[in-house]
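Chemist: Below is the structure I would like to discuss, written out as structure tokens.
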Amino acid sequence: MKEALLALIAIPLFGALLTVFTARHCRNRARTIALTATIMTLAISVWLVAVDFCGWGGQPGSYAGETRFLILGTGGPVDPLRGISFHIGLDGISLGMIFLTGFLFPAALFLTGKASPLNDWGFLAWFQALQGLTFGAFLSLDLVLFYLFFELTLIPLYFMVGGWGGGLRIEAATKLFLYGLTGSLFTLGGIVGVSLALGGMDKGCDFSIPRLVLVAQDRGKPMEASMERVAKAKSEMEKTMSDREKDAARARFDEAEHDLFQKRKVEAQWFNWQTTLFLMLMAGLAVKIPIIPVHFWQPLAYREAPIALTVVLSAALAKLGLFGVVRIVLPLLPDASVRLATPVLGTLATIGILYGGLAALGTSNLRSMLAFSSISHLGFCLLGLVSLNETGLTGGVLQMINHGITTGGLWLLALILLERFPSLEIHTFSGMGKRFKAMGVVAVLLVLSSVGLPGLNNFVGEALSLLGMFAQGGEGRQLAVLATLGLILGAWYMLNFLLRTFYGDERIPATVQGRIPTDLTGCEKMVFTSILALCFLLGLYPQPALKRISADTHLVARELGEARRRQMGNPIPENIGSMVLTHGSPKSGTNQPSAPQTQKGGAR
């Protein structure tokens with residue numbers, strides 16, 4: 001398992017170097033190297049999924065294949081694990097992201113024609129490097145390591161968009177890079193702050209995410225103990241009979257209440273510090289997702305980037321920001337997350353859902369429509385994560401996978417259309433389903449998946465995300481109701497695209513010079529059959545995926561519930577809809593996870 005995780009990062013990076021040094025004057029060799037490297041990572045990704053679901057990869061709630069090499073130690077001989085480490089591992093939250101990355105990169109290359117200018121050795125080298133960096137970010141269990149992989153993805157993106165993009169490629173590449181770099185600088189400050197606050201300067205900074213999560217959990221223990229002591233003292237005071245006993249009980253109650261007051265003052269200072277760190281970390285993650293109002297780079301980049309790059313940019317790399325939220329922000333800053341995640345991020349996610357839907361409805365270009373559609377659908381992922389309960393978190397993570405599959409399929413459909421026709425203006429197509437029957441079937445099923453038809457994958461993730469947010473009550477219910485309007489907008493613009501493009505009187509635009517437009521080839525059918533099989537599998541039988549994800553999201557939801565109890569006295573309901581997440585029947589009187597749990601972190 002350890003070797004497989006290391007290979008996921010090493011193979012694409014080695015393939016990129018091999019392309020640079022051996023294939024600079026041979027397009028066929030460069031393409032062969034890139035396809036070989038990405039197909040190898042696909043095979044490893046599928047093997048990891050199979051091993052994990054067969055129960056051979058380790059206990060749920062732990063990191064499988066965990067590998068750690070100390071790069072820069074800060075703890076000295078007292079604690080040799082402290083410092084910056086090459087620390088990677090796989091769990092239920094990252095498993096789906098690894099599969100998406102392993103599947104979409106070779107699929108995009110596979111459907112790119114041999115005559116395409118994207119088969120240039122430079123593009124293919126950067127493309128492989130981008131895959132290796134993306135794998136590294138999803139596998140990282142060290143804050144600095146995550147930041148390095150997260151930030152370095154900007155370099156291949158900049159050169160690929162600027163070198164092989166459309167007419168506005170320089171503007172698109174510059175916007176993408178500047179937005180990403182500016183936000184990431186704030187995130188770097190947040191990472192250093194989290195390490196100092198939780199790791200402790202006196203002991204030496206610690207950047208291990210599992211170890212810092214354990215520290216974050218322990219930070220609230222004194223407050224919880226004081227609250228229990230006050231409750232116990234109050235109960236004893238109410239039960240006493242004689243005046244002497246009442247005076248003694250009153251003294252114990254006053255002492256416990258004073259101790260709680262002092263701890264609340266300390267907790268208030270820590271909360272203020274958490275709020276600052278929360279906003280700093282989210283600055284860079286929000287750009288990558290993207291969240292309104294830091295989304296302005298996205299529509300232009302998606303429209304001008306090489307379409308093979310846009311496939312992975314939308315379906316895989318956009319998940320890096322969401323992954324950072326559930327891996328870093330929520331577990332390390334639970335108190336700030338309880339106060340800010342739902343009202344701030346939930347509101348911005350809902351605005352993004354509605355804005356993206358309206359913008360997609362108003363555009364006539366397929367690439368622009370899919371770009372705005374991504375903003376809307378990623379809003380559902382974020383809405384589930386910031387519901388802060390197990391149902392919403394599980395639904396949000398599952399929707400990240402579903403969005404990658406469905407949106408990746410739609411972008412691949414746009415890719416093969418662009419291989420045949422020079423323009424993707426929707427009004428130039430009509431009645432294509434009569435001539436391209438297999439393509440029409442694929443388009444219908446992908447559109448139905450995108451609009452959340454029951455029985456297909458997007459329905460499960462969106463339903464759980466909305467259910468989790470609705471379970472918040474109050475403002476959560478309002479946001480869930482408003483977000484539901486995004487489903488109507490999504491059905492409107494996607495069905496409008498489908499009807500105008502594949503139905504009606506046949507009108508086929510001029511084709512690419514020298515290219516005779518045909519229906520799906522054998523290779524294209526194989527790729528789209530795989531995508532549609534995943535759509536049906538996750539739509540009809542999502543239980544194994546939900547169970548695997550919830551084993552890890554349960555731990556995050558539990559700590560967020562404790563933070564909520566410390567602040568408001570009523571814990572967040574963690575298992576709303578647990579009948580969906582576990583065994584198909586409601587739980588009664590228990591908040592225990594559905595699978596055996598082992599504590600994550602360096603304590604193992």
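Each reported figure results from applying straightforward, stated rules to the coordinates on display, with no laboratory input. None of the values given here were measured: they were computed from a predicted structure. FYI the Cβ positions are ideal-geometry reconstructions off the backbone, even for glycines, and counts take in every protein chain you see.
Chemist: If you stretched the chain out fully between residue 115 and residue 171, how much longer would it get, using 0.36 nm times the residue separation minus the C-alpha to C-alpha distance?
Modeler: Values: separation 56, 0.36 × 56 = 20.16 nm, distance 2.64 nm.
Additional length available on full extension: 17.5 nm.
Chemist: Sequence gap at least 6, Cα distance under 8 Å: using those rules, report the relative contact order of the stretch 399-466 to the nearest whole percent. Write down the numbers at each step before the final one.
Modeler: Working: 40 pairs, mean separation 26.8, N = 68.
Relative contact order here is 39 percent.
Chemist: Still on this model: Tell me, what ³J(HN,Hα) does each residue in the stretch 205-210 have, in order and in whole Hz, if you take phi through Karplus 6.51 cos²θ - 1.76 cosθ + 1.60 with θ = phi - 60° and put x for Gly and Pro?
Modeler: Along the stretch 205-210, the couplings run 4, 10, 10, 6, 4, x Hz.
Chemist: Tell me, what ³J(HN,Hα) does each residue in the stretch 148-162 have, in order and in whole Hz, if you take phi through Karplus 6.51 cos²θ - 1.76 cosθ + 1.60 with θ = phi - 60° and put x for Gly and Pro?
Modeler: Residue by residue, the stretch 148-162 yields 4, 5, 4, 6, 5, 4, 5, 5, x, 4, 4, 6, 6, 5, x Hz.
Chemist: Please give the net charge around residue 127, taking every other residue with its beta carbon less than 12 angstrom from that of residue 127, where Lys and Arg add +1 and Asp and Glu add -1. Could the numbers behind the result be given before it?
Modeler: Working: positive: 31; negative: 120.
With Lys, Arg at +1 and Asp, Glu at -1, the neighbours total 0.
Chemist: Would you kindly state how much longer the chain becomes between residue 529 and residue 29 on full extension, computed as 0.36 nm times their sequence separation minus their alpha carbon distance, in nm to one decimal? If you can, show how the numbers build up before the last one.
Modeler: Values: separation 500, 0.36 × 500 = 180.00 nm, distance 2.78 nm.
Additional length available on full extension: 177.2 nm.
Chemist: Note down the nm distance, to one decimal, between modelled labels 7 Å out along Cα→Cβ at residue 477 and at residue 519.
Modeler: Inter-label distance under the simple model: 5.2 nm.
Chemist: Computed FRET efficiency, Cβ-Cβ of residue 511 and residue 70, R0 45 Å: what is it to the nearest 0.05? Could the numbers behind the result be given before it?
Modeler: Numbers: r = 57 Å, r/R0 = 1.28.
According to the calculation, E is roughly 0.20.
Chemist: How large is the Kirkwood hydrodynamic radius of the stretch 348-475, in angstrom, based on all distinct alpha carbon pairs? Mind showing how you got there, number by number?
Modeler: Details: mean 1/r = 0.0649 Å⁻¹.
For the stretch 348-475, inverting the mean 1/r across all distinct Cα pairs yields 15.4 Å.
Chemist: Here is a further query. Enumerate the calculated ³J(HN,Hα) couplings along the stretch 517-533 in order (Karplus 6.51 cos²θ - 1.76 cosθ + 1.60, θ = phi - 60°), each rounded to whole Hz, writing x wherever the residue is Gly or Pro.
Modeler: x, 10, 6, 4, 7, x, 5, 5, 4, 5, 5, 5, 4, 5, 5, 5, 5
Chemist: Give, as a single signed number, the net charge of other residues whose beta carbon lies under 14 Å from the beta carbon of residue 407, with Lys and Arg counted +1 and Asp and Glu -1. Numbers along the way, then the final one.
Modeler: On the way: positive: 319, 367; negative: 462.
Around residue 407, the charge tally is +1.
Chemist: What fraction of the Cα pairs in the stretch 451-545, stated in percent, has a spacing above 19 angstrom?
Modeler: Working: 2845 of 4465 pairs.
When all Cα pairs of the stretch 451-545 are counted, 64 percent exceed 19 Å.
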